[in-house]
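Each reported figure results from applying straightforward, stated rules to the coordinates on display, with no laboratory input. None of the values given here were measured: they were computed from a predicted structure. Every residue, glycine as well, gets a Cβ built from its backbone with ideal geometry; the counts of neighbours run over all protein chains shown.
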Amino acid sequence: MSGSFLQKYSRDFVFFGGLLAIIVGIFLSQGSAYTSRMLVEAACYAIIALGLTIQWGYAGLFNIGIMGFIAAGSFMSVFVSFPVNDKFWNGPGPSMLVQPILILLIGIALIVGLRKIKQIPQGLRTFLTIIIFAVTYLLVVAGIEPAAKVIETDAGFIGGLGLPVFIGWIAAGIVAGLIAWFVGKICLGLRTDYLAIATLGIAQIIKTFLKNADWLTNGTLTVSPLPWPVPKPSDGNFTEARTIYFAMTAVVVIIIYMLLERAYHAPWGRMMRAIRDNEEAASSMGKNVNRRRLEIFILGSILMGLGGSMLITFTGLFDPSGFIDLNHTFLIWVMVILGGTGNNRGAILGAILVYIIWVMSEPMALWLFDLVRVYGLEWFNWQAPGDLDSRALQMRVFVIGLTIILVLRFAPNGMLPERIRQD
Amino acid sequence: MNELVFFINKALISGAIIGSIYALGAIGVTLIFGILRFAHFAHADMMTVGAFISYILMSMMAAAGFTAPVPLAFLAMFPAMIITALLAIWLDKVFYKPFRDKGSNPVIIVMASLGVTLMLQGLVRLFGGTRARSMYIGENKEIYRIPFPGAKRDIILTEPQVLLFIFTVVAVIALAIFLSRSRLGKAMRAVSDNPDLAKISGINLKHVVWTTWIIGGTLAAAAGTMLSLDVVLKPDLSFGLLLPIFAAVIVGGIGQPYGAVAGGMLIGFSETLAVFNWAVLLRPFKESFPDWFELPTKLAFVPTEYKLAVPFFILIIVLIYRPTGIFKGKVI
């Protein structure tokens, strides 16, 4: 029995064993500080990758706006957990913000209410919705603008609420889920190309908003240091603090993994795969395809928001311009499709492995291009351009793109393929 | 009157400029979407690559001491269009066709096009760096000033803008004639309508696919070059350019080249009108406003930083109320 178990999971053992060996090797050569940082970040990426693997692997949803969910989630967690900014709360800011927020809520309530009244003909309803939207938008913008100016000059930015970080992380998941609900409601009935375009767009807009709304997010001035839910390295023991943080993220990854495994083998997971593999058959069996898709899209995005906020909390710095499509969207895609689409262990394996390679690739690319510079000058008398280092890092963009295509073409199932039960 | 001229310069002309660029890009995307049935995410980077090829050719011509009555980059654009078209066919052959032959899910091809996007982006920035470049070497951008009756300011048009208008009009007319009159153009429309039927009626799919990429590639190179002639050559436009183009395609209806032109213009004008400072136009009527109404110095619908939100918003509205687009395209 144990033999067949070993045989059945031999790929898992080989790959995870190899991964462990790599980590031990890095630990021995680079020391604990480097390794612990890498492992924590890899674990956070694993949470995000699990979010993507259920969207893409369970349901075939094509989300390329992961960066947006990460950014929105991180901001929410910063807002909830950052210490209270007394200057803002004692100043005129809060009272100035009450009016636009009230108008916003009334506007939303009116639009939602209007959709519920079926007696009004469709055309008129659409017209009224647009009018209400435009009026609300203009009033809110007109209200926010002076408030923003006052807050920026008096208090810098609005600061946080000073609540525990765990609550911030939960809020991060909720916000990411709400955004997913909004996008999914509109796009999930259409082919998944539309979802790709819409998520790409919303990610860019979220980033632009966080970067420019200085009164809310401190914009490019960044927010730091972010509080940790556990003792910080600066409080004393450096290694211990990081180890505790790592243990915490590892526990979160394991809990999420176990829940997802359970969901995968439950009737719910079977139904999801049925929808993915044959939408028409599933819908003719009475499954509400769009509703299930919306469910899983929201669930995956919640994980992205959670993982993203844990990542940002660990780095201790919230910088809206630090969210980059390459690091926070495409890298995660590589993790998922390389690790194995639709296989949760594959997503975790891919996340950790790809992240290690990613971290290592930066000094490697710089070193490689330094060689090019030295020998180019020596052999061909070629004067390298001054921005060679920044160009060298562009090499990674190319490699990520190439990896995506190569994996899709030659190993579409990834390292740990989805297990199809043969009984 | 000065205010009106300002409006024409800042809103109408620049709206038409950016609209033409979007339209040229959107024609290619909509044809690829209609015929090959996938959203081609690498299109914006194909535009950048085309512009870079023009830039290289232009520098070579400038180094050879070549002079011309039009900007050199405009001359260089035509060979660059051919090279980009060949590149597009090659990219299709190496990166997209294997997936088509295997009968992969279209989503896989979309993802492959994302891979191509990143590869093109990486290559352009690796060899070209990330800084912006001017498309003029030793030349000046010619500026035409057209006096406007009763105004102190002139309407300002630059040479690349005039060239862009002419090029767009000629290209759209040529495309219309090609699609409606020529055998290959009709075959393309047939494949777009019903690929299976087209195949069994003896249409050579290979030629149709090639033509699609040639049209997409040439127009992408032209749009990229024209955009960088008008402003500067920026290697990092990518997604900022892609979103309005996709919005234009979906607004115009997928597979509808005229829809793409209309959609591109609509998105271009909406963007510029949304960020335009309307207070300028209201200023002459300041006296006639009631006392309680104080004219703000800045009165725009959307701050300039959030320009990208405009095409996205239009996209969302269209997807909610009319997913087929204005011109009744396909919903794939």
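Taking amide H as placed 1.01 Å from N in the peptide plane, the amide H of B:Ile155 sits under 5 Å from that of B:Ile146, B:Phe148, each at least 5 places away or on another chain. Relative to the longest principal axis of the Cα atoms of chain B, the long axis of helix B:238-252 lies at roughly 80 degrees. Judged by the ratio a/c of the largest to the smallest principal axis of the C-alpha gyration tensor, the stretch A:166-250 counts as prolate, that ratio being 1.5 or greater while a/b is larger than b/c. Net charge dipole, the stretch A:170-319: roughly 420 debye, given to the nearest 20, about the Cα centre with Cβ charges of +1 for Lys and Arg and -1 for Asp and Glu.
Which shape class applies to chain A: rounded if a/c is under 1.5, otherwise prolate when a/b exceeds b/c and oblate if not, where a ≥ b ≥ c are the square roots of the Cα gyration tensor eigenvalues? Oblate, because a/c is 1.5 or more while a/b does not exceed b/c. In straight-distance terms, cross-link reach from A:Lys87 covers every one of the lysines whose alpha-carbon lies under 21 Å from its own, apart from those fewer than eight places away in the same chain; here that gives A:Lys149. P(r) for the stretch B:221-332, from all Cα pairs and a bin width of 10 Å, is 13, 33, 28, 17, 8, 0 %, short bins first. Normalised by residue number, the volume inside the convex hull of the Cα atoms of the stretch A:254-384 is 164 Å³ per residue.
The three principal axes of the C-alpha atoms in the stretch A:86-156 carry coordinate ranges of 50, 16, 12 Å, sorted with the longest axis first.
Remark on the stretch B:129-213: ratio of C-alpha radius of gyration to 2.2 N^0.38 Å is 1.83.
If the segment from A:Ser284 to A:Asp154 were pulled out straight at 0.36 nm per residue, it would be longer than the present Cα-Cα gap by 40.7 nm. Other protein chain C-beta atoms within 10 Å of residue C-beta, averaged over B:6-19: 0. Over all Cα atoms in the stretch B:2-239, the spread is summed up by Rg and Dmax: 19.6, 66 Å. For the stretch B:66-202, dividing the convex hull volume of the Cα atoms by the residue count gives 221 Å³ per residue. From the cross-link list A:Lys207/B:Lys10; B:Lys234/B:Lys298; B:Lys186/B:Lys206, which pairs have alpha carbons spaced over 18 Å apart? Going by Cα-Cα distance, A:Lys207/B:Lys10; B:Lys234/B:Lys298 fall outside the 18 Å limit.
The Cβ shell under 12 Å around B:Leu123 holds other residues with a net charge of +1, Lys and Arg each +1, Asp and Glu each -1. Packing around the peptides A:336-346, A:373-383, taken as the average count of other Cβ atoms within 10 Å per residue, puts them in this order, highest first: A:336-346, A:373-383. For the stretch A:210-294, a/c is not less than 1.5, where a ≥ b ≥ c are the root eigenvalues of the C-alpha gyration tensor, and a/b does not top b/c. That puts it in the oblate class. Put a plus charge on the Cβ of each Lys and Arg, a minus charge on the Cβ of each Asp and Glu, and nothing anywhere else: the dipole of the protein assembly as shown about its Cα centre is then about 2180 debye. Relative to the longest principal axis of the Cα atoms of chain B, the long axis of helix B:43-63 lies at roughly 80 degrees.
Dipole size of the stretch B:2-239 about its Cα centre, with +1 on Lys/Arg Cβ and -1 on Asp/Glu Cβ: approximately 440 debye, rounded to the nearest 20.
With a sphere of radius 14 Å drawn around the Cβ of A:Gly376, what net charge do the other residues whose Cβ falls strictly inside it have (Lys, Arg +1; Asp, Glu -1)? Within the 14 Å Cβ shell, the charges total 0. The stretch A:261-282 and the stretch A:343-366 have their alpha-carbon centroids 29 Å apart.
Measuring between their Cα centroids, the stretch B:1-38 and the stretch A:62-99 lie 36 Å from each other. Counting only other chain Cβ atoms within 10 Å of each residue's Cβ, the peptide A:387-398 averages 5. The calculated FRET efficiency for the pair B:Ala174 and B:His207, based on their C-beta separation and a Förster distance of 25 Å, comes to about 0.85.
Shown here is the pair-distance distribution of the protein assembly as shown: with all Cα-Cα distances grouped in 10 Å bins from zero up to the longest one, the shares run 3, 12, 22, 25, 21, 12, 4, 1, 0, 0 percent.
Positive-end ranking of B:Leu273, B:Phe301, B:Ile177 along the dipole of the protein assembly as shown, with charges on Cβ about the Cα centre, is headed by B:Ile177. Judged by the mean number of other Cβ atoms found within 10 Å, the most tightly packed of the peptides A:44-52, A:168-176, B:98-106 leads the ranking A:44-52, A:168-176, B:98-106.
The mean number of Cβ atoms from other chains found within 10 Å of a Cβ in peptide A:182-194 is 5, as a whole number. Taking a straight line from the alpha carbon of B:Lys307, these aspartates and glutamates sit under 14 Å away, with near neighbours fewer than eight places off in the same chain left out: B:Glu271. A protection proxy built from the mean count of other Cβ atoms within 10 Å ranks the segments A:303-312, A:205-214, most packed first, as A:303-312, A:205-214.
Partners of A:Lys116 within straight-line reach, counting lysines whose Cα lies under 18 Å from its Cα and excluding those fewer than 8 residues away in the same chain: A:Lys185.
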